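The values are calculated or read from the model by the stated rules, or taken from the named source; none is laboratory data. All values reported here derive from a predicted model rather than from experimental measurement. Cβ sites come from the backbone with ideal geometry, for glycine too, and all protein chains shown count toward neighbours.
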Amino acid sequence: MASADIVLEIAFDITNPTETVIRTNAKREALEGILESWLSCQLGQGTDRRKAEQKDLYAIKIQLDLHDDSFYTKSDTGNRGLTCGIVMDVFRRLNQIQVQALS
């Protein structure tokens, strides 16, 4: 991927999810649609049998290329299912999560 137009960096605190932070260059009002689209793209991806990492803080980076509406994801969860579950939780609690400008 050459460059992402939109980047979301999620720092998810598993022990205290209310401390979760999203750093992004997107407008806050666009986050719901971006996360909803990302989640929709995950349907039908199949089972990931890799062992999930056991951590207190997970880092997930979602990048969106607006040229072709492609998502690229990096995470330290070790498992796509855990990554998707975390993003689902963030999506459900989006109005309670701190959003910061991407630096």
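Of all residues in the range 66-87, count the ones that are of a type in the set (Phe, Trp, Tyr) and either in contact (Cβ under 8 Å) with a residue 40 or more places away in the chain or out of contact with any strand residue (DSSP E or B) (no Cβ under 9 Å at 6 or more places or on another chain) (or both). Don't jump to the end; show me each part of the working.
Let us first name the residues in the range 66-87 that are of a type in the set (Phe, Trp, Tyr), namely 71-72.
Those left that are additionally either in contact (Cβ under 8 Å) with a residue 40 or more places away in the chain or out of contact with any strand residue (DSSP E or B) (no Cβ under 9 Å at 6 or more places or on another chain) (or both): 72.
Selection size over the range 66-87: 1.
Among (1) in a loop (DSSP other than H, G, I, E, B); (2) touching a residue at least 12 places away in the same chain (Cβ under 8 Å), there is one condition Gln63 misses while meeting the rest; what is its number?
So the condition that Gln63 fails would be (1).
In the range 62-92, what residues are charged (D, E, K, R) and either modelled with pLDDT under 95 or closer than 17 Å to Asp5 by Cβ (or both)? If you could, list the steps in order and put the result at the bottom.
Narrowing the range 62-92 to residues charged (D, E, K, R): 65, 68-69, 74, 76, 80, 89, 92.
Within the range 62-92, Asp65, Asp68, Asp69, Lys74, Arg80 meet the criteria.
Of everything in the range 4-38 that's free of Cβ contacts under 8 Å to residues at least 40 places away in the same chain and among the polar types (S, T, N, Q), which residue is surrounded by the fewest Cβ atoms within 10 Å (Cβ to Cβ)?
Per the stated criteria, the residue is Asn16.
Under the condition of being at pLDDT 95 or above and among the charged types (D, E, K, R), which residue from the range 29-53 is farthest from the chain's Cα centre (by Cα)?
Once the filter is applied, the top-ranked residue is Glu29.
Could you list, in sequence order, all residues of the range 76-96 that are of a type in the set (S, T, N, Q) and either surrounded by fewer than 20 Cβ atoms within 10 Å (Cβ to Cβ) or part of a helix (DSSP H, G or I) (or both)? It would help to see each step written out before you state the result.
Residues of the range 76-96 that are of a type in the set (S, T, N, Q), as a first pass: 77, 79, 83, 95-96.
Hits for the range 76-96 are Asn79, Thr83, Asn95, Gln96.
Across the range 39-62, what is the total count of residues that are over 17 Å from Asp76 (Cβ atoms) and not basic (Lys, Arg)?
Within the range 39-62, the first condition is being over 17 Å from Asp76 (Cβ atoms), and the residues that meet it are 39-47, 49.
With not basic (Lys, Arg) added as a condition, the list becomes 39-47.
Qualifying residue count for the region: 9.
Conditions (1) aliphatic (A, V, I, L, M); (2) on the phi < 0 side of the Ramachandran plot; (3) in a strand (DSSP E or B), marked per residue:
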| site | (1), (2), (3) |
| --- | --- |
| Ala11 | yes, yes, yes |
| Thr18 | no, yes, no |
| Lys55 | no, yes, no |
| Tyr58 | no, yes, yes |
| Lys74 | no, yes, yes |
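Inside the range 43-61, can you point out the residues that are within 16 Å of Ala4 (Cα to Cα) and among the β-branched types (Val, Ile, Thr)? Can you show your working first?
The first filter runs over the range 43-61 and keeps only residues within 16 Å of Ala4 (Cα to Cα), leaving 60-61.
The answer is Ile60, and nothing else.
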